[in-house]
1. When you scan the stretch 66-109, how many residues do you find that are on the phi > 0 side of the Ramachandran plot, touching a Ser or Thr at 6+ places or on another chain (Cβ under 6 Å) and exposed (fewer than 13 other Cβ atoms within 10 Å of the Cβ)?
2. Pick from GLY52, GLY84, GLY97: which is at pLDDT below 95 and farther than 17 Å from GLY19 by Cβ?
3. Could you please find all residues in the stretch 61-109 being among the small types (Gly, Ala, Ser), in a loop (DSSP other than H, G, I, E, B) and more than 15 Å from ASN35 (Cα to Cα)?
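The values are calculated or read from the model by the stated rules, or taken from the named source; none is laboratory data. Owing to the predicted nature of the structure, the values given are computational and were not obtained by experimental measurement. Neighbour counts are summed over all protein chains in view; Cβ atoms, including those assigned to glycine, are modelled from backbone coordinates with ideal geometry.
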Amino acid sequence: MPKAYGFVKVGTIHDIPSGQGRHIMAHGKPMALFNIDGNFYAINQICPHMGGPLSEGKLNGNVVTCPWHGWTFCVDTGLPDHPGGHSVSAYEVKVEGEDVLVGWLKKVG
């Protein structure tokens, strides 16, 4: 398997407090990495509405709200939290020791 499809270290478990997100780059893509009670999730950083930075959005449970216009996405799947909404890509994330690693696209559904 090509190296680009493997997992890459994007930080440690101490870099992002629970309930917050951070902008990261992995596999040449801008992503938003979130920590929810020690579980880490990565989705596309860019809101499909008008390009808002999802890593700066407010988390409510597993739902992030885009800070620009209020679009909402589940950070564990990238899907909208309501019927008929747009989705964003979600990525595999794993923790090894204290390292947080991001892989490629998550298979949802």
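1. Step one: filter the stretch 66-109 for residues on the phi > 0 side of the Ramachandran plot, giving 70, 78, 84, 97, 109.
Among the residues that remain, those that are also touching a Ser or Thr at 6+ places or on another chain (Cβ under 6 Å) are: 78.
Adding the requirement that they be exposed (fewer than 13 other Cβ atoms within 10 Å of the Cβ) leaves none.
Here the count works out to 0.
2. On the way: GLY52 fails: at pLDDT below 95; GLY97 fails: at pLDDT below 95.
Step by step, each of GLY52, GLY84, GLY97 is checked, and only GLY84 is at pLDDT below 95 and farther than 17 Å from GLY19 by Cβ.
3. Narrowing the stretch 61-109 to residues among the small types (Gly, Ala, Ser): 61, 70, 78, 84-85, 87, 89-90, 97, 103, 109.
Then keep just the ones that are in a loop (DSSP other than H, G, I, E, B); that gives 61, 70, 78, 84-85, 87, 89, 97, 109.
Answer for the stretch 61-109, where residues must be among the small types (Gly, Ala, Ser), in a loop (DSSP other than H, G, I, E, B) and more than 15 Å from ASN35 (Cα to Cα): GLY70, GLY84, GLY85, SER87, SER89, GLY97, GLY109.
A quick yes/no check of all residues on (1) in contact with an Asp or Glu (Cβ under 8 Å, 6 or more places away or on another chain); (2) at pLDDT below 95:
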| position | (1), (2) |
| --- | --- |
| ALA4 | no, yes |
| LYS9 | yes, no |
| PRO17 | no, no |
| ARG22 | yes, no |
| MET25 | no, no |
| PRO30 | no, no |
| LEU33 | no, no |
| TYR41 | yes, no |
